[in-house]
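Q: The structure under discussion is supplied below as structure tokens; questions concerning it will follow.
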Amino acid sequence: MSPKTKKKKPVALITSVAGALAYKTAIELAKDHEIVGLSTRPLRPGLPFPGTLVRVRHYAQRQVAEVFRQHRPDVVVHTGSLPSQVRDPGRRFTDNVLGTRNILELATKYGARKAVVQSTFHVYGAVHTNHVHITEDEPLRAAQMFPQISDVVEMDHAATTYLWQHQGMETVVLRFANMVGPTLRNFVSRTLRRSRVPRLLGYDPVMQFIHEDDAVMAQALAVRNPGRGVYNVAGEGAVAWSWAIRHAGAPYVSVPHFVAIPLVALLFRARGVMLPEHLIDYFRYPVIIDDKSFREDFGYAPLYTTVDALKSVRGLA
């Protein structure tokens, strides 16, 4: 009797795996997928990778097509976007917008059955007329005067347009609330680790936070379960920014709003920025998203409370 043929694992291609969240997503999906990682940055020295790792200059280059041709991924998880600290607008647009379009077009060309794209609640914009519990069908009102925000909106738009144009592909766009955690180096996590955390004088907006492990779980649920669409993803509850700072274990320093923007512009040029200019309004007005649809459609339930998520930033939990 011939031995049973071992069932081949599906292939998951994950972008930006040098980042903490994408790396942890790769570790999680490696339990039931063969992993191919793309990255524009090197992994930290000595950090093992659970699969094939390919370094690229940007996600719009021809080398990416060769990776798709060679590995034929069943699932694509696109977490790759350049952060706002990258000041070259051309480079940001190439990776965030053209790169996203290229990744999704290649997913279709080489037969992927599913694409999961990481987006952000920032696309809804922070304005004083925002109502509580913003749903996925709300207009994207992020301030177009800041290219750092417009790039993200265009990236989200590219993914949602692809979703509706390619009905045969299970595309899931996840708009995450503020992600925090001990290994993340995103803006909000780094801010909460400062010796003094800035707060705009006269403003204390309610915010949502999601622990990095819950964000990984959300992406894994989107990969492993059938479904397609645009979904908000948040943690458990919402708290005032001053409350968040306190539970993260740091004192805050009040900054008058009328000097914040010119001060930030100077600090940004000096690379010591505290509150990026394009994010200041998110520390003035609440942007509270409703993730009921994702919980119902994918069985998502965060494992971390808001308190635990905030404490984890400094290793207090």
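Where a number appears in this text, it was derived from the coordinates with a stated rule and is not lab data. Computed from a prediction, not measured in an experiment: that's the story for all the values here. Positions of Cβ are backbone-derived with ideal geometry, glycine not excepted, and every protein chain shown enters the neighbour counts.
Q: Return the percentage of antiparallel bridges among DSSP beta bridges fully within the chain, rounded to the nearest 5 %.
A: So the antiparallel bridges amount to about 5 percent of the total.
Q: Per residue and in cubic angstrom, what volume does the convex hull of the Cα atoms of segment 180-231 have?
A: 103
Q: Something else now. What angle, in degrees between 0 and 90 and rounded to the nearest 10, separates the Cα long axis of helix 62-71 from the longest principal axis of the Cα atoms of the chain?
A: 50
Q: Something else about it: Amide H to amide H under 5 Å from Met207: which residues, 5+ apart in sequence or cross-chain, H placed 1.01 Å off N in plane?
A: Val239, Ala240, Trp241
Q: Among the trypsin sites (Lys or Arg not before Pro) in segment 1-71, which ones are in a DSSP loop with at most 14 other Cβ atoms within 10 Å of the Cβ? Mind listing them?
A: Answer by residue number: Lys4, Lys6, Lys7, Lys8, Lys31, Arg57.
Q: Which net charge results for the neighbourhood of Glu105, defined as the other residues with beta-carbon distances under 14 angstrom from its beta-carbon, given Lys and Arg at +1 and Asp and Glu at -1?
A: So the environment of Glu105 carries a net charge of +4.
Q: Which far-off residues, 5 or more places away or on another chain, put their amide H under 5 Å from the one on Ser119, with H placed in the peptide plane?
A: Residues meeting the amide H criterion: Leu174, Arg175, Phe176.
Q: Round to the nearest 0.05 the FRET efficiency obtained for Arg44 and His131 when R0 = 51 Å and r is the Cβ-Cβ distance.
A: 0.75
Q: Ok, one more. Cα to Cα, under 20 Å, and not fewer than 8 places away if on the same chain: which aspartates and glutamates meet these conditions relative to Lys8?
A: Glu28, Asp32, Glu34, Asp74
Q: Too long at a 32 Å Cα-Cα cut-off: which of Lys31/Lys292; Lys31/Lys311; Lys114/Lys311; Lys114/Lys292?
A: Correct reply: Lys114/Lys311.
Q: Nearest 20 debye, what's the magnitude of the dipole of the chain about its Cα centre given +1 on Lys and Arg Cβ and -1 on Asp and Glu Cβ?
A: The calculated dipole for the chain is roughly 1300 debye.
Q: Still on this structure, I have one more. How far is helix 212-224 tilted off the main Cα axis of the chain, in degrees rounded to 10, range 0 to 90?
A: 30
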